[in-house]
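Structure first, then comments.
The values are calculated or read from the model by the stated rules, or taken from the named source; none is laboratory data. Note that the structure is predicted; figures quoted are calculated from it, not measured. Methodologically, a virtual Cβ is constructed for each residue, glycine included, from the backbone with ideal geometry; neighbour enumeration extends over all protein chains shown. Each accessible area value is taken on the protein alone, full model and side chains, heavy atoms only, with ligands, DNA and RNA left out. Shrake-Rupley method; radii C 1.70, N 1.55, O 1.52, S 1.80 Å.
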Amino acid sequence: LAMSAALTGNRAIDAARQRLAYANWKAGLVAGVQNATPLVSRVILGTDNVDGLLASLHSVYAQSYKVLEIIVASGDRSVETQLAACPFPYQIVVADSLDLAALLNTGVRQSAGQFISPLVSGDLYHPERIAKLVDGIACRGGQWGFSALADRLTNQVPASFSAILGEDTTGFALLGSANLVGSASNLFLSRELFEKLDGFESSSGPMEEHFALKAVLEAEPFFVEAALCHCLTVPIDTLRSSDTKSGALQQFYGRITQIGPDAQTHFFGNPFAPVPSVWDLQFVCRVGVLNHLPYLSETMLQCFVSRGIEAQAAMALKNQELNPGLDLVSFFSGEMGLAESARGIAQSCHAGAIPFGLRSVDLNLSQRCADRSMDPWLHDQCSHAAVVLMVNPDVLKNILPQLGQNEIAGRYRIGYWYWETEQLPEQWRYALEQLDEIWVATEFVAQAMRKFTNKPVTKIRPPIKVELSRQYERVEFGVAKERFLFLFSFDFGSFSARKNPDAAILAFQQAFPLDRQDVGLIIKSHGGANWPEKLLELQQQIARDPRIVLIDRLMTRDQVFGLQSVCDVFVSLHRSEGLGLGLAECMAQGKAVIGTAYSGNLEFMSDENSCLVDCDMIAIAKGQYLYDQPNVSWAEPHIAQAAWYMAKLADDKMYYRQKADAGQQTILNHWNLQSTASAIRQRLNQLNLLDQS
């Protein structure tokens with residue numbers, strides 16, 4: 001892992017170039033180029049679960065795509081009675097073995113389809129599944145792929161499927177998530193690929209995982225984002241633990257290490273395969289972050305160690321001279337608040353002509369990392385007089401090894417931190433030894449920092465930039481067109497006790513009796529699959545109020561902006577915020593906002609431009625936040641006042657417009673690229689870190 005970290009800085013430009021090539025390849029695969037209506041063979045693995053088989057068959061009968069044949073592979077012909085109503089050509093194949101892989105291989109070899117879609121008895125398909133997979137895979141020239149899937153009983157979609165979009169390729173995603181395909185029922189593959197791989201393996205472990213990690217070397221998988229498959233059981237964990245010994249993974253690494261240490265020769269059919277001959281240093285960095293280096297051969301590791309020593313020596317020679325300006329170090333592809341601030345600071349430096357560089361670092365984050373907007377500005381190493389480490393101290397100790405001493409030695413080191421209580425955790429104190437100064441986004445965080453350290457604390461507000469790629473419609477989010485809509489959003493991983501969804505629900509129901517149908521509340525969350533008990537509590541809380549819609553899924557930044565754009569009011573009855581990004585983004589879009597009168601959001605919210613809800617201070621209970629800090633408090637907003645604001649905004653158009661317009665002007669005038677650039681330039685000039693000529 002240390003060796004991988006040392007190499008991370010040497011692959012930013014090459015990795016960005018390869019990601020661009022991958023994106024261009026995908027964009028060039030236009031639907032309809034291939035046969036638009038291939039014959040698809042549905043190979044159903046029959047079992048003694050008669051009810052499950054019947055349910056599976058009916059989900060096939062309901063398919064909108066009609067160029068189908070059905071093959072039922074079973075231990076006997078007793079299933080024939082279940083096929084009496086079948087609208088498609090079918091046959092029953094009796095196999096000697098009831099091993100699922102053997103059953104599937106037998107069924108496929110008796111089928112005639114150009115593409116194969118397995119189905120394990122008891123699993124169900126969305127009526128549009130085959131149509132969408134044909135369009136998204138077969139018609140684009142793909143050899144295989146899969147969709148998101150959901151648990152048949154709970155309808156939960158594992159977060160690992162959203163994480164796919166954050167990987168360099170779908171192939172790389174297969175290495176990082178626990179049996180990402182999830183079920184053989186979720187596969188869609190060509191007969192050509194099936195024959196090339198000699199079918200499915202009858203081995204320990206899920207057969208779909210073994211198949212996927214063989215197939216990815218021959219053809220890049222296609223991923224269809226919609227949850228089109230509902231399985232009896234699906235994994236809800238998003239990442240393999242570091243001590244997991246997956247037989248399929250061991251076989252995969254065994255295959256690729258057979259090629260020896262020559263990382264320049266490609267032996268596989270997939271031009272984007274997650275192997276050294278394609279991705280070079282990016283491969284070993286990704287494998288290192290996944291804790292998979294022990295899977296590699298000693299010869300291959302020695303090769304990369306030698307390459308790493310050469311790369312570090314080259315970096316040491318290049319970093320002799322320090323240029324005026326700053327380098328920003330962060331997770332620039334990450335989809336979380338601090339990464340969004342990092343991208344905004346970078347854009348501000350660009351707009352303000354401040355010399356800067358971007359140095360991306362890598363961890364196996366639980367959040368998706370799919371934002372590629374900063375790729376054109378990435379550099380392989382730090383080269384400026386100041387280094388701004390835009391990562392919080394809880395992960396800083398894992399980031400510093402990725403920066404060689406020559407990258408940070410002799411530079412002015414700045415930490416850019418967020419926190420959500422008035423007292424910083426003692427666990428962060430070690431990080432101060434690495435820094436000369438702290439930058440923060442709000443006065444709330446600044447006051448907490450100044451109580452924690454005597455080092456300089458400077459407020460640098462990030463810009464609030466909302467740009468929609470297109471106009472969104474409410475129907476895209478499954479919400480009513482005519483209702484006055486309130487929006488509350490949160491991430492389960494950001495501690496629901498802090499975000500406080502219960503308060504938003506209670507205030508809405510107190511403001512509007514159940515018989516009032518011209519209003520609605522959207523609860524936008526993500527990460528619920530990782531917190532199933534809390535998600536279930538939330539579902540039960542709103543079950544009797546059809547006006548409240550829960551959307552639990554990860555969206556792109558543009559989709560988030562789109563959801564904000566179709567709502568009328570953003571509500572945040574939080575207990576504490578470091579900034580309150582959702583509030584600020586909705587204000588920028590001209591929406592009225594309701595927020596707790598406490599913490600970082602007071603940096604941009606006032607009684608003139610928003611609806612501030614009074615609160616009492618209460619102690620943070622044990623287990624409610626990241627660290628258990630004794631004698632630390634946060635806010636308990638007044639529900640009745642929040643309900644009054646909700647009713648007032650819904651019924652008084654003049655009052656609504658007054659708040660919304662004032663809020664929009666606050667953000668546009670004071671939270672823009674130019675104001676941020678001005679603050680950065682002023683501080684760097686004070687530190688003599690810019691060229692004064």
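Only one of Ala351, Ala346, Ala370, Ala385 is at pLDDT 90 or above, of a type in the set (A, V, I, L, M, F, W, C) and over 15 Å from Pro462 (Cβ atoms). Can you tell me which? Criteria check complete, one pass: Ala385. If you go through region 608-648 and keep only what is charged (D, E, K, R), modelled with pLDDT of 95 or more and over 20 Å from Ile464 (Cβ atoms), you end up with Asp614, Asp616, Glu636, Lys648. Within the span defined as region 124-134, one or more residues are under 23 Å from the mean Cα position of the chain (by Cα), surrounded by 22 or more Cβ atoms within 10 Å (Cβ to Cβ) and within 30 Å of Cys369 (Cα to Cα).
Before we move on, is Leu149 touching a helix residue (DSSP H, G or I) at 6+ places or on another chain (Cβ under 9 Å) and open to solvent by 10 Å² or more (accessible area, probe 1.4 Å)?
Considered against the rule, which asks whether it is touching a helix residue (DSSP H, G or I) at 6+ places or on another chain (Cβ under 9 Å) and open to solvent by 10 Å² or more (accessible area, probe 1.4 Å), Leu149 comes out as no.
Among the numbered conditions (1) hydrophobic (A, V, I, L, M, F, W, C); (2) open to solvent by 20 Å² or more (accessible area, probe 1.4 Å); (3) free of Cβ contacts under 8 Å to residues at least 40 places away in the same chain, the only one that Ala163 does not meet is (3). For region 63-76, a residue qualifies if it is modelled with pLDDT under 90, of a type in the set (Gly, Ala, Ser) and either within 25 Å of Val134 (Cβ to Cβ) or not in a strand (DSSP E or B) (or both), and the qualifying residues are Ala73, Gly75. Residues in region 82-93 that are part of a loop (DSSP other than H, G, I, E, B) and modelled with pLDDT under 85 were compared, and the one that is most open to solvent (accessible area, probe 1.4 Å) is Ala84.
With respect to the conditions (1) among the β-branched types (Val, Ile, Thr); (2) closer than 30 Å to Phe331 by Cα; (3) in contact with a strand residue (DSSP E or B) (Cβ under 7 Å, 6 or more places away or on another chain), Val216 falls short on a single one, namely (3). Evaluated against (1) out of contact with any helix residue (DSSP H, G or I) (no Cβ under 8 Å at 6 or more places or on another chain); (2) modelled with pLDDT under 95; (3) open to solvent by 40 Å² or more (accessible area, probe 1.4 Å); (4) farther than 21 Å from Gln589 by Cα, Gly493 falls short on exactly one condition, (1).
For first residues located in region 25-41 and at pLDDT below 90 and surrounded by 13 or more Cβ atoms within 10 Å (Cβ to Cβ), partners that are of a type in the set (A, V, I, L, M, F, W, C) and part of a loop (DSSP other than H, G, I, E, B) and lie 6+ apart or on another chain with Cβ distances below 9 Å form the pairs Trp25/Phe272. Filtered by the rule that a residue be surrounded by fewer than 19 Cβ atoms within 10 Å (Cβ to Cβ) and over 38 Å from the mean Cα position of the chain (by Cα), region 94-105 gives Val94, Asp96, Ser97, Leu98.
Of the residues making up region 516-535, those that are touching a residue at least 60 places away in the same chain (Cβ under 8 Å) and more than 23 Å from Tyr645 (Cβ to Cβ) are His526, Gly527, Gly528, Ala529, Asn530, Pro532, Leu535. Only residues that are at pLDDT 85 or above and over 24 Å from Arg286 (Cβ atoms) were counted in region 153-186, giving 3. For region 178-209, the set of residues classified as open to solvent by less than 10 Å² (accessible area, probe 1.4 Å) and within 19 Å of Phe272 (Cα to Cα) consists of Leu180, Val181, Leu189, Ser190, Leu193, listed by residue number.
Against the numbered list (1) among the basic types (Lys, Arg); (2) within 19 Å of Leu175 (Cα to Cα); (3) modelled with pLDDT under 75, Arg255 comes up short only at (3).
Checked against the criterion of being at pLDDT 80 or above and either closer than 21 Å to Met555 by Cα or open to solvent by less than 40 Å² (accessible area, probe 1.4 Å) (or both), the candidates Val234, Val216 yield just one match: Val216. Considering only region 432-454, state which residues are of a type outside the set (Ser, Thr, Tyr) and in contact with a Lys or Arg (Cβ under 8 Å, 6 or more places away or on another chain). Selection gives Leu432, Gln434, Leu435, Asp436, Glu437, Ile438, Trp439, Val440, Ala441, Glu443, Ala446, Phe452. A single entry from Ser56, Ser74, Ser64 fulfils the requirement of being out of contact with any Cys (no Cβ under 7 Å at 6 or more places or on another chain), within 20 Å of Leu228 (Cβ to Cβ) and open to solvent by less than 50 Å² (accessible area, probe 1.4 Å): Ser56. Going residue by residue through region 94-114, is there one that turns out to be touching a helix residue (DSSP H, G or I) at 6+ places or on another chain (Cβ under 8 Å) and in a strand (DSSP E or B)? No, region 94-114 contains no residue that is touching a helix residue (DSSP H, G or I) at 6+ places or on another chain (Cβ under 8 Å) and in a strand (DSSP E or B). When Val79, Val50, Val108, Val60 are checked against the criterion of being at pLDDT 90 or above and farther than 21 Å from Met207 by Cα, a single residue qualifies: Val60.
Picking from residues in region 518-562 that are farther than 21 Å from Lys481 by Cα and acidic (Asp, Glu), the one that is most open to solvent (accessible area, probe 1.4 Å) is Glu533.
Restricting region 438-453 to residues that are outside any helix (DSSP H, G or I) and among the polar types (S, T, N, Q), the residue that is surrounded by the fewest Cβ atoms within 10 Å (Cβ to Cβ) is Thr453.
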